[in-house]
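Below: the structure, in structure tokens.
Nothing in this text is a laboratory measurement; each read-out follows from the coordinates by a stated rule. Just so we're clear, the structure is a prediction, and the values are computed from it rather than from any experiment. Don't worry about glycine lacking a Cβ; one is built from the backbone with ideal geometry, like all the others, and counts go over all protein chains shown.
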Amino acid sequence: MWQDQLKIKSLFGFRQKLVHRFQAFNKSLKDKQNKYLVCPECAQIIRVPRNKGRIEVRCPSCRKSFDAKS
């Protein structure tokens with residue numbers, strides 16, 4: 001029983017990350033000054049300025065740091 005609940009939670013987490021990636025992509029197309037990234041840990045959408053090269057991004061929600069190209 002708990003395995004089924006864990007499987008459902010992991011599927012929901014995967015679905016949430018996928019949906020947030022599409023939302024971030026759509027926002028990036030509309031906004032020419034900012035780029036929208038998705039945190040690999042918690043799937044939070046993060047806005048960063050464009051044309052800054054490689055930057056280190058820290059998620060405001062989970063405090064995870066990751067490198068990204070802006």
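Values for this structure:
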| read-out | value |
| --- | --- |
| Sites residue 28 and residue 63 - FRET efficiency at Förster radius 22 Å, r taken between beta-carbons, to 0.05 | 0.40 |
| Local electrostatic count at residue 60 - Lys and Arg +1, Asp and Glu -1, tallied over other residues with Cβ under 15 Å | +2 |
| The stretch 47-61-the stretch 30-45 distance, computed between alpha-carbon centres (Å) | 9 Å |
| Neighbourhood charge, 12 Å Cβ-Cβ cut-off, centred on residue 41 and excluding it, Lys, Arg +1 and Asp, Glu -1 | +4 |
